[in-house]
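A.B. asks: Structure incoming, see below.
The values are calculated or read from the model by the stated rules, or taken from the named source; none is laboratory data. All of these numbers come straight from a predicted model, not from anything done at the bench. Cβ coordinates were reconstructed from backbone atoms using ideal geometry, including for glycine residues, and neighbour counts include every protein chain displayed.
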Amino acid sequence: MEAADLAQLHVGKPQEVTFERTRVDGWRVLKEKVIAWVVRTDDKNVVAYSPQCTHLGCAYHWEEERDKFVCPCHESLFTIDGKVVGGPASRPLDRYAVRVENSKLLIGSKIIKA
């Protein structure tokens, strides 16, 4: 699903992005809002992380002054590239499949990283 315009994303600055996705549940087709933490790594590449901490699924956020993603519930810390650097989380942040087409960021299904 189209999530953002590449021109609105700044290289090396994590941004929380909200977008709509269509999900099929049996016979129902649902539109739902989805959140991703997006990091533009250079002119053409973007990484999108699931918004849940890999410890217990709590919501985390980016703290500019610490230069880390921080889960306030249990103090897990992650680098800008999703690696664990502190706290109880034992694996990196989960990522979404991404693609850039015509300067638009497209976000697909979640990819679980071990």
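A.B. asks: Does SER90 satisfy being farther than 17 Å from GLN15 by Cα, out of contact with any Pro (no Cβ under 7 Å at 6 or more places or on another chain), of a type in the set (Gly, Ala, Ser) and in a strand (DSSP E or B)?
C.D. replies: The answer is no for SER90.
A.B. asks: I've got another one for you. For the list (1) within 17 Å of HIS55 (Cα to Cα); (2) modelled with pLDDT of 90 or more, I need the number of the one condition that ILE112 fails.
C.D. replies: For ILE112, the exception is condition (2).
A.B. asks: Is region 35-53 home to any residue that is without any contact (Cβ under 8 Å) to a residue 24 or more places away in the chain and over 18 Å from ILE111 (Cα atoms)?
C.D. replies: So far as region 35-53 goes, no, none of its residues is without any contact (Cβ under 8 Å) to a residue 24 or more places away in the chain and over 18 Å from ILE111 (Cα atoms).
A.B. asks: Starting from residues that are buried (at least 18 other Cβ atoms within 10 Å of the Cβ) and farther than 13 Å from TRP37 by Cβ, keep the ones in region 88-107 and report whichever is nearest to the chain's Cα centre (by Cα).
C.D. replies: Among them, the one singled out is LEU106.
A.B. asks: Examine region 63-79 for a residue that is hydrophobic (A, V, I, L, M, F, W, C), in contact with a helix residue (DSSP H, G or I) (Cβ under 9 Å, 6 or more places away or on another chain) and at pLDDT below 95, and state whether such a residue exists.
C.D. replies: Scanning region 63-79 turns up no residue that is hydrophobic (A, V, I, L, M, F, W, C), in contact with a helix residue (DSSP H, G or I) (Cβ under 9 Å, 6 or more places away or on another chain) and at pLDDT below 95.
A.B. asks: Considering only residues of region 54-87 that are of a type in the set (A, V, I, L, M) and loosely packed, with under 15 Cβ neighbours inside 10 Å, which is nearest to LEU106 (Cα to Cα)?
C.D. replies: Among residues in region 54-87 that are of a type in the set (A, V, I, L, M) and loosely packed, with under 15 Cβ neighbours inside 10 Å, the one nearest to LEU106 (Cα to Cα) is ALA59.
A.B. asks: Moving to a separate point now. Please determine whether any residue of region 10-29 is touching a Ser or Thr at 6+ places or on another chain (Cβ under 9 Å), at pLDDT below 85, surrounded by 12 or more Cβ atoms within 10 Å (Cβ to Cβ) and not β-branched (Val, Ile, Thr).
C.D. replies: no
A.B. asks: Of everything in region 55-106, what is of a type in the set (Phe, Trp, Tyr) and more than 17 Å from THR41 (Cα to Cα)? Give them in sequence order.
C.D. replies: Across region 55-106, the qualifying residue is only TYR60.
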